[in-house]
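Notes to accompany the following structure.
Here, each number is a calculation from the coordinates, and none is a lab measurement. Because the structure is a prediction, the values reported are computed rather than measured. Note: ideal-geometry Cβ built from the backbone for every residue, glycine included; neighbour counts use all protein chains shown.
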Amino acid sequence: MTRWDQALFLTLSLLSPDDGTTFLSTVVETDFALAMNATKYLEFDRDAVVSKLLSEVPARITGQHTFDRTIESAVEFGIAISDAHEPQLRDLIKMRNLIGAAAVVRLVHLKGMSVKDELLQTLVEARQDYNYCVNGVARALRPLATPDDIQKIVGLADSISDEVASNSDDNVAHGFTHGAADCISGLDITLVRDAFMPKDRSERLSEVRARVLCNLLRDCHSTDALRLAGELLVRGVDKAATAIYFIAHFAKPDEALSWATFSSEHVDRLVSNLSDQENTEWNAHALKCLCEARPDLREIVKAHAGKAPAAAKITLLYCASSGGTEEIFEALSEFAEMSVEESGRQGEEQRPSDRPLAEYRSDGAL
């Protein structure tokens, strides 16, 4: 807020009702967001004025610049809200996106626990809307979350499990998978694990449950979180490698992570997943963190490197290295020599002059 804004607000608080209304109308036409922020300084008819301003938000926000968030900010932080404005807030919630998110935050401030279950349900209804689910529902409800909400989230996840397959794009239901994770991210990881993981270890975890868990674990830097990420990995959840890396990389020294539950099975899984082009980087990062935390597993990684193609061998030796670079440079040299030879062979095979004339188009294109 600028000093000029403060001068306007002070003036508003000193005016008579009629003059105050006229003054505020002028401010509305000049700067709508400023007018919403000014309502807290009104001495008369505040609820009526706020109701009118909130009813104008849908039309005002339609013409707002893409990166202008002043109206959303005014709804969330500035405008003077009371129970009388619940209908207008609910209308804004229906708009979803950031304006709906701002309205959710204010509604929760007004109504608290009484609206929690209905807002949790909107995580499914607006499952493609990241801004609404994460910046609205999750941010507002996280302080109110209880262990009972974990099972509710599991039920909501199961209701859309048919929509989220293992090969589905990451954006499918990403509002739900991120928002649901954030809602319960402050609760005991052990309780989360017990609710989400099938009791039978041979039963495959649904993709939507796996995505919620992986999103949750990325911001939980504890041994319990690391243990669960490792369990997900060996139970076939490839995205768990990203969570492992985030937990290990961003944990503070005083959090003292324990990697005692990790074994050669985790190494084998990460090495196997290096062939996944989309997630090669995350698997390599996770494997490097594992080798640094558990030096006794480095020899297993080196054994894999001895049987791997040249490019993969370089990655594996890097992950297993403890500071020495001799083996890595030998692998790089081997790869460089192989690349030159293969490039030469490919050049011979593809030399244009060796191709039949019939393979050329009349315009000279191949």
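A simple count of charges around D19, restricted to other residues whose Cβ falls under 14 Å of its Cβ and scoring Lys, Arg +1 and Asp, Glu -1, yields -3. Measuring how big the stretch 114-175 is from its alpha-carbon positions, Rg and Dmax come out at 11.8, 38 Å. Couplings 3J(HN,Hα) of the stretch 210-222, computed from phi: 4, 5, 4, 4, 5, 5, 5, 5, 4, 10, 10, 9, 9 Hz, in residue order, whole Hz [Karplus 6.51 cos²θ - 1.76 cosθ + 1.60, θ = phi - 60°; x for Gly and Pro].
What is the stretch 70-217 by shape, rounded, prolate or oblate, if you read a ≥ b ≥ c off the alpha carbon gyration tensor as root eigenvalues and call it rounded for a/c under 1.5, prolate for a/b larger than b/c, and oblate otherwise? Prolate is the answer for the stretch 70-217, as a/c is 1.5 or above and a/b outweighs b/c. Based on C-alpha pairs under 8 angstrom that are at least 6 apart in sequence, the stretch 70-109 has a relative contact order of 48 percent.
Once you have the Cα-Cα distance between E203 and S264, take 0.36 nm times their residue separation minus that, and quote the gain in nm to one decimal.
Values: separation 61, 0.36 × 61 = 21.96 nm, distance 2.19 nm.
Residue separation times 0.36 nm, minus the Cα-Cα distance, leaves 19.8 nm.
Summarising the label geometry, the points placed 7 Å from Cα in the beta-carbon direction at S168 and D68 lie 3.7 nm from one another. Note on S114 and D194: the model spin-label points, each 7 Å out from Cα along the C-beta direction, lie 3.2 nm apart.
Assuming a ≥ b ≥ c are the square roots of the Cα gyration tensor eigenvalues, decide whether the stretch 23-92 counts as rounded (a/c under 1.5), prolate (otherwise, with a/b larger than b/c) or oblate. It would help to have the intermediate numbers written out before the result.
Working: a/c = 1.77, a/b = 1.23, b/c = 1.44.
Oblate is the answer for the stretch 23-92, as a/c is 1.5 or above yet b/c matches or exceeds a/b.
For the pair S275 and A311, label points projected 7 Å from Cα toward Cβ lie 1.4 nm apart.
Simple point charges give the picture: +1 on the Cβ of Lys and Arg, -1 on the Cβ of Asp and Glu, and for the stretch 17-174 a dipole about the Cα centre of about 220 debye.
Note on the stretch 196-267: the C-alpha convex hull projects to 4.6 nm² when averaged across all orientations.
For the residue pairs K239/K307; K116/K152; K288/K313; K152/K252; K252/K313; K94/K116, the C-alpha atoms sit more than 20 angstrom apart in K239/K307; K152/K252; K252/K313.
Using equal-weight Cα scatterers in the Debye expression, the normalised intensity of the stretch 136-284 in log10 at q = 0.12, 0.17, 0.18 Å⁻¹ is -0.48, -0.99, -1.11.
Backbone phi angles across the stretch 301-308, fed through the Karplus curve with coefficients 6.51, -1.76 and 1.60 (θ = phi - 60°), yield HN-Hα couplings of 5, 5, 5, 5, 4, x, 10, 8 Hz in residue order; Gly and Pro are listed as x.
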